[in-house]
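The values are calculated or read from the model by the stated rules, or taken from the named source; none is laboratory data. Source: prediction; values computed, not measured. Ideal geometry is used to build each Cβ from the backbone, glycine not excepted, and the neighbour counts take in all protein chains shown.
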Amino acid sequence: MTLPLVLGRLVFTVAQFVNRFIPVLNTPRTRVAVVLNDHEILLVKNWIGRQQWTLPGGGIKRGESPQQSAARELYEETGLVVDPAALVFIGQIMDAALPRAVFAYRINLSDSDSGAAIPDSARHEITHLGWYPLNNLPMDRLNLVDRVLAPQQQG
């Protein structure tokens, strides 16, 4: 195992411990399902934690709505600029790994909108970014991805 992976897992383990015993740090999070042409989804890998594929997103800052946070985090992690009003609220779920609320959103893009890339400012956080067919998602993904997509697949 490489040093960045070991450090990432250590940070995640400490965060889990702190979040369980200091509830004020249980900051709500956002996640965005970015769907391209109704058949591909954008996933990212973060160096912190389990290094599994997940949806772009992050913590909500003070004074920020969940929708504004989702748009900001999407830009910070992927370089995609979206109008917060264009994000469709999917629902609120609980993150099983760190017990806190996750506000889930979806946005549909066309080929011309799909210029996602890891911005230089996010390379300390995001290690990989990729488009995956909705019917062939990577096996090494967080359960959170399936939980966010579940209401969409039923509808």
Within segment 106-120, the residues that are among the small types (Gly, Ala, Ser) and either loosely packed, with under 12 Cβ neighbours inside 10 Å or without any contact (Cβ under 8 Å) to a residue 24 or more places away in the chain (or both) are 110, 112, 115, 117
Q.
Based on this model, can you work out whether residue 85 counts as over 15 Å from residue 35 (Cα atoms), over 15 Å from the mean Cα position of the chain (by Cα) and of a type in the set (A, V, I, L, M, F, W, C)?
A. yes
Scanning segment 123-148 for residues that are among the hydrophobic types (A, V, I, L, M, F, W, C) and touching a Leu at 6+ places or on another chain (Cβ under 9 Å), the one nearest to residue 76 (Cα to Cα) turns out to be 129
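Considering only segment 118-137, state which residues are assigned to a loop (DSSP other than H, G, I, E, B) and over 22 Å from residue 94 (Cα atoms).
118, 119, 123, 124, 125, 134, 135, 136, listed by residue number.
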Scanning segment 103-131 for residues that are among the hydroxyl-bearing types (Ser, Thr, Tyr) and farther than 22 Å from residue 86 by Cβ, the one nearest to the chain's Cα centre (by Cα) turns out to be 127
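Yes/no per residue for (1) touching a Pro at 6+ places or on another chain (Cβ under 8 Å); (2) under 24 Å from residue 138 (Cα atoms); (3) modelled with pLDDT of 95 or more:
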{"residue": "58", "(1), (2), (3)": "no, yes, no"}
{"residue": "61", "(1), (2), (3)": "no, no, no"}
{"residue": "78", "(1), (2), (3)": "yes, yes, no"}
{"residue": "97", "(1), (2), (3)": "no, yes, no"}
{"residue": "102", "(1), (2), (3)": "yes, yes, no"}
{"residue": "109", "(1), (2), (3)": "no, yes, no"}
{"residue": "115", "(1), (2), (3)": "no, yes, no"}
Exactly one of 58, 63, 115 is of a type in the set (Gly, Ala, Ser) and part of a strand (DSSP E or B), and that residue is 58
